[in-house]
Structures are given as structure tokens and as C-alpha cells.
1. Where the accessible area of the protein assembly as shown is counted over protein heavy atoms with a 1.4 Å probe, how much of it, in %, is carbon and sulfur?
2. For B:K303, list the aspartates and glutamates whose Cα falls under 13 Å from its own Cα; do not include residues on the same chain fewer than 8 positions away.
3. Within chain A, which complete DSSP H helices have Cα atoms spanning at least 20 Å along the helix axis and a mean Kyte-Doolittle hydropathy of 0.5 or higher?
4. How about B:K270: which lysines have a C-alpha closer than 17 Å to its C-alpha, ignoring those fewer than 8 places off in the same chain?
5. Over 28 Å apart: what share of the alpha carbon pairs of the stretch A:78-334 falls there, rounded to a whole percent?
6. Let me know the mean shielding of A:116-127 by other chains, meaning the per-residue number of their Cβ atoms within 10 Å of its Cβ.
7. What is the Cα radius of gyration of the stretch A:6-91 over 2.2 N^0.38 Å, N being its residue count?
8. Calculate the tail of P(r) for chain B: the fraction of all Cα-Cα distances greater than 28 Å, expressed in %.
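The values are calculated or read from the model by the stated rules, or taken from the named source; none is laboratory data. The structure presented is a predicted model; accordingly, all values stated were derived computationally and were not measured. Note: ideal-geometry Cβ built from the backbone for every residue, glycine included; neighbour counts use all protein chains shown. For the accessible areas, the whole protein counts, side chains as well, though only heavy atoms, and no ligand, DNA or RNA atoms are used. Shrake-Rupley method; radii C 1.70, N 1.55, O 1.52, S 1.80 Å.
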Amino acid sequence: MPYIPHTPQELREMLDVVGVRGTDDLFADIAMLPKHFNLPKGQSEAEVCALFEMLAAKNRTDAVSFLGAGFYAHDIPKAVDALAGRSEFYTAYTPYQAECSQGTLQAIFEFQTAISRLFEMDCANASVYDGGSAIFEAAMTAARVTKKNTLVVDEAVNPFWRRMLNTYLAGLDIDVKTVPQTNGASNLAALSAAVDNGTAAVIVQNPNFFGVPADYTDVFAAARAHRALGIISVYPIMQSVLKTPGEMGADIAVAEGQSLGQPLNFGGPWLGLMTCRKEHIRQFPGRIVGRAEDRDGKTGYVLTLQAREQHIRRAKATSNICSNQALCALRALIYLCLLGPRGLCRLAEHNMDLARYAVERFTSFKRVERLNTLPFAAEVALRLPLPAEKFVAALKGCVPGYPVARHYAGMNNVLLLSCTEVNSRAQIDSMIEATGGLL
Amino acid sequence: MNTIFAKSAPGRCAAVIESQAPTASAMLPATLLRARPPRLPECSELDIVRHFTNLSKQNFNVDANFYPLGSCTMKYNPKFTEYVAALPGFTQLHPLLAQLGDAGRAQGALRCLYETERLLCEITGMEAFSLQPMAGANGEFAGISLIAAYHKAKGRSRRVLIIPDSAHGTNPASAALAGFDIVNIESRDGMVDPQALADAIAAHNDNVAGLMMTCPNTLGLMETHLPAIVRQLHDIDALLYYDGANMNAILGKMRVGDAGFDVVHLNPHKTFGTPHGGGGPGSGPVGVNARLMPFLPVPRVEKQPDGNYRLNDALPQSIGHIAPFYGNFGVTVKALAYILRLGGEGLERVAEYAVLNANYLKKRLEDVLDIPFSRLCAHEFVASAPEGMHALDIAKALLDRGFHAPTIYFPLIVKECLMTEPTETESKETLDAYVEALRDIVSRGRDNPHALAETPTTLPARRFDETAAARRIRLTEDMV
């Protein structure tokens, strides 16, 4: 049997030591046998690999795509795979025994540093599951810190994360007040006005779902004036050029970390980035690594503030989370190191420039316009002369973007188009050609 | 070892895109831009490769060391699953492609999800699975939310979940996160005590939503009163939650659906051999019987009569979305590949040899450690450090001998506990070597407790002052 090393003789010897006649006797405590266990027969490694090669080939990843909506195709330097693929990293587990886990622990410490610096926040945790759970955990942190129970949420926060937030809050005594967007623009004044003394946090996103960046400094000031926390979700690559959560006075800054060296992978595994001001760290969820000194006075790293966690605190823990996305965090760290400040910044600029070219080409059709005239980053919302669903279905060999109508009423014709370095001007040109008469 | 930040040199760079793009300040108003570039490391590719290669060498890992960390199922992770999960047809697939048009661009991936769900149903005896939960604790949360939705649909509010003290710490934490009140019941002889359960039910009768059980429990013991427990809960229309963390012990031997459980989560990173990644990513599929199906997270994957797969969002009673899309698909692919490779017979062998290895180790350690329960164990067992010795010292001494330590932080109900889970992939030689190491550690520790307290001495670090680290927290290079 694959992966089971016992020889028949060893099996015999071990059964004798245990004092049973056969392996069946080991399960005497189990009262009910399975009604059935009709699983397929095992297959050889080659057969299983061939099956998956066939299944992978059925996925049409060859199509030119401008699909983003919060989840982006980026080039990933091969060194990320080579280093994160070292089994010293990926076949270890949660570093409970610090002395033999300094590799993972130091990497997480460096990850926490890199993310904190990217966002200009005081500190970070070791990551959570994804960008959506990061928003939920940030909201729960705010509820614990403020002991209040209303969340003011911008409607232009990614709808995939807002619907997760609704699921996660269903059993809790926490209300969500959603502040409507207008033509893809977040209503900053309305967000500030929606904050009152019952507000635990105001939650915004930069750039918002429609690709519009804004300065949320005033919104966070309004939150502070009512003892509420300011929570912002950002797009990490664009954060290399955009005003930082720290500069805006955010209390908690989170992100979907997928764009930092994680393949799209049909939805995961990815990672949620979470940073905060120092004063909130003891109410923060998840694993956290701290610098420490060992007995010889040597610097090293440990899991710290474990008194917050489920394996110690059980029902009183700050969260039920007992893992982080350590390998994904490692990938994100290696990616950030390889690009460095200049690489990351040029990447953001390159993609913004490409998005401008796409807008120029699309708006050369008289019946296509931008949804609003606000600044945009590398993703942009376009109003088409036909339903966006229809437009997407009509284009062959190309996915021009995401139809947002399924999340926003009255936006039937709105297409969200994202550009990254995997796209090119030539791709945009051929997409425009493929529209043949539709626009 | 210096951090990567200490190895940074201004102006050095590994990967900068060739671009004619103007600077951000030419494209966006200055008020929207950051004042300074982020202080990330500036290093060459070789600097980075050396740094992380050397860091990796400071890790214990299953590929190099025996890792009997109880409740974590640190079995060997077959290499071919890495290959299949890295196929570009999977890694480059945007999740939204399955939601555009007829999902024709993602048929291979949808089939993976569908087949995995069907296989997990057969393995557990449940009716349906959702692969959305992104880790075990996330699966617990999803499962508890399903219990809440069930009672809500019946027009009642039940606020109490009963959780035995032998359950994983995540159980009460997940229940609290979902808004439930937790009633803890004490174990008796390592088992859920039917009388304590009856008392708890009597005290909270109309308010009991369900019971969460880890089975075999964190003591490594099968519950002997299971049929009675199931009846007690179902008599008041409360539901039973099965924490599948310890599934490795019962593959093919018991199906939780047959036993009467209503909802279960699994940990593919434990049972189905997907790597633990230094703490993640995992995944936490949640399975249910027929009465909880209407509440499963959306979208559901369905197979059409024409053989094509599609996503269905139209489940009005669904609890909603647990993940942005379909869970940790990359982990699902590895678990599916593992299940197909082993097949039904292989999975049964997994349980047999996992349980055999645990019982063999337990038997051989009877004269070394204090073992509180003498009956047969499942895939793991708990022991206490011998009188006068600390589990922590024994754990650290094991590290010096090239073995990862057992779990020592729980269960909280056993003093100075060492929870050991060898898994099926370890050979008799490895187990024997581990026994001899422990025997030697304990005997030397008796003679010289001080020397034991000094361990480890051969690793990249010695024991840390964790209390000082928690008091004066330094979580980044910039916190001093």
C-alpha cells in the first residue's frame, strides 16, 4: 500500500506487542460498521497524474482576460515557487516549538514587517484566510475594542467580501449600515455622516470595487470623533503608490494578499493581510510572531500573545482561528522582496498606464463612457451600450471584464475591466477589434 | 540570522518590469499618493534565494523529521500531489470564469469540486458537502452556522451548544464566534458522561441547539456511549456536530453519517495528506445529512444531465458565502488526488496502520510515561510526564534528539500531557528509535532534572523568554 512502510513481519511483531490478533481488533470500540464504503479502487501515480492533466486541460486558461474584481492575474517570479516549494517550509506545521521552527517564525516576522511598512501601520498578524475573513475579523476587533455593535460599510467595498461579512455576522448582535455608492463613487461625506456614537467601525476600500482611489482621512477622523475605528481594505500592489492607511489615520488596514505572489488557483488558497495600530494588538485575531531572546541572549522569534488564542482561551478567544496562511504569507514576503520598493511601484504604474490605454480605446466608441469621471487606478468601470453580460458572452476568445449588475442594481451595462502586466496593448487592440459592431 | 531587511542595499533590485509608463504622479492627483516609497528590502535575487534557503534549514519538517504532533496528523505528503496542483490549468484559473456564460471555461475545475464532494460523502456517510470553508476552524464555524439556520427555519431560537471538555479548543471558540452560549460538560473516564449530558439537557432543554464532539476525542479515545448520546440529542431535535480533525482514525471503519451525526467538518491537510505549509493553508470541507442540505453555503456545484457542471446560487435558505468562491481549491485538488491514489482499500489501511502505530507506541511507552487510559487508543494517545518531570522539558529534549515534540498545550484536562500521534506513514524503526530516545530522556531526567531543563542545546535557538516577549512586544523591525 502506498506510503505505508510496514513489512508483513513488522505488522506481526507490532500486533503482538499491542496484544491483538489482527488490525480489526483495534476497532472493537466502534459499535457501528459503515453501511457501505464504495470508493473507487486505488490508481497508480501515473494514472492519477494523467487524469488531472486531462482535467486541467479542460479549463480554458488560454483566453485573454481582463477579469479582476479584486482578484488579479499577475506574473509570479519563478524564485517564489522555488523557495516556497522547499519542503522544509511546506511540510512543517504551526511553529509551537520555536527552537526548531525559526525558519517559519523569522519569515512570518519579516512578513509582518513588510506588510506593516507597505501599509504604514504599526504591526501585522501572521495572516488570516482571505481578504473577506480579514474584513470580518477586523470588524470583530473593532466591536471588542469599542464595545459597540454597528458597522458602517461602504457599498463600494468588494461585494464578494460584503456578502461573506453578512454570512459571518448572521448569528451575532451586530448591525450593518450600508452607505450607497453613486456611479461607482464612494460617498465620503455620507460615510462620515453615517457614523454615530453606536458605531464600532467604518469600513471602506481603496481603490474601491470600481477601481476608484480616494483619501479617507476625513472619514476616519469622523470615526475617531465617535470613538469608532476606521477600517480600510486595500489592493497591496497599488499600495506601493497610493496614500497609505497609516497616512489616512486608519486603525486597521486589511487586504486580500492574493496579488502578492499567489496564483489565482480558482479561488484559493490565498491570504488575508491584517495590520493595526499598536494599541489594538491584544484584541487582534490570529497568529502573531514576536521577536524574543533565548537563554543565551540570542535574538529569535516566537508565537506571541497566545493568551488571545483558542487553544488557551477556548470560548473567550479573540477568534476561532488556529492557523494562518503561513505558506501563502511566505510567498507574499518573497514576492515583495523580489520586486522591492521600485519593482512594486513600477508595476503599479505600468498597470495603471495600461488601464488608461484600455479606456482610451474603449471610449473611442461614442456609445461607451466611463461610469464616472473620478481618478482610477488599474481597474475601471465602463458603461456600455448593451448589457455587460451580453457583451462578455458575445466576445470570443477574450474575457473583457466583469459584469457588475449582479451586485449593483441599475448597472446592467456596466463592465469592470482590470489591467495587469499579464495583459498588453496588443491584447487590448485585439479585444477592441473583436467587439466588431457591438459597441 | 539577520533579517532580509538588514541585507538590503539602496538601489539594488531583483525584478523591475520594463515599462514606458509615466510615474504615478502623472496619472493621479498628489493627494491620493503616498509620501514615501514603502521601505521594503532592496536585494538581488541571489541575496533572496540564499536568505530563504538558509531560513528553511532552521525548520523541523516531516520530510526530515518524525513529527508526532498530536491532533495534527503530520503524515508524509506524497510529492505527486504537488505536481497535479501546480498544473497551470488549475493555478491560472480565475474563479469568476466559472460564473460567466455557461461555466464552459472552468469545467475541469468544477468537476474536481464535484467529484471531491461525492467522495467525501461516501467516506463519511453524509448527503452533501461544501468545500468552501478555508480551514478546520472555518469549517466548524460553517457547520455551527448550519445548525443555527436549521433551528431558525423551524421558527425557534436555540442559543446553547453543549461541548465536552475533551473537544478541541476551536470548538467553543467557533461556537462563540457564531453567537452561541457554550455549556461545558466534564468527561468521565475520558468519555462524554451520559449523565452529565442528560443534566445539561435538562437544565437548558428548549434552548439546546446541539452538541459538538471530537471523536475519537482529544484523549485519543473512541466514545463508547455514542448511540445513547445521539438519541439524547435527537430526542429534543438538537443536532450533533462531528469535529473531523481525528478522521484518520476511522477511515472505512465508521461513517459519522451512519452513526447519526448531522454535520461534520474534515481537515484534508490532516486526513488526506495535503501539506501543512508551516501553519496553513488548509481547508475545512463541511458535510451534512439531508435535513441540513437546504442551508449549505452557495454556490453549490451541480452535475447536469448532459454531463456538464454548473454552479447553483438559488438556495433561498442557504447561510450564504463562507469563502469568496469555492474554498482553497489548490488544497482540494491535492486531497482529491490523494484519495484517488489510495482508493477505498488504501484509506482503510490508513486508519488501520495509524491506529496500530499509536497503540504500538503507547504500549512500548507504558513503562516510560504515565499513561492515564489503558484501553486501546485510536490514532493518538495522551500520556503524562512521569511524576516530578515536566512535559515541556521532555518535549524540548526530544527536539535535541531530532524528533518533533508531541502536542503539550492541550488537552487541558490531562496534567503535563504529551499527546502523541505517529500516523500511518512512520515505520517501526522510527517508532522504536523514538521510544528509545524517550526512555533515555526520562532516565537521564530522573538523575539530573537540571540538565533536562537546559534542553535544547543543539538547535538554531535555545529556549525563549516568552513571557518577556509577550510583555514587550516587538512584532516588526520597527517596533522597539
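1. 49
2. B:D102, B:E115, B:E117
3. Helix filter hits for chain A: A:131-146, A:326-362.
4. B:K75, B:K79, B:K334
5. Here the long-distance tail beyond 28 Å is 31 percent of all Cα pairs in the stretch A:78-334.
6. Working: counts 7, 10, 5, 2, 5, 1, 4, 6, 2, 1, 4, 3.
Taking the mean over all residues of the peptide, I get 4.
7. So the stretch A:6-91 has a normalised radius of gyration of 1.96.
8. Everything past 28 Å amounts to 60 percent.
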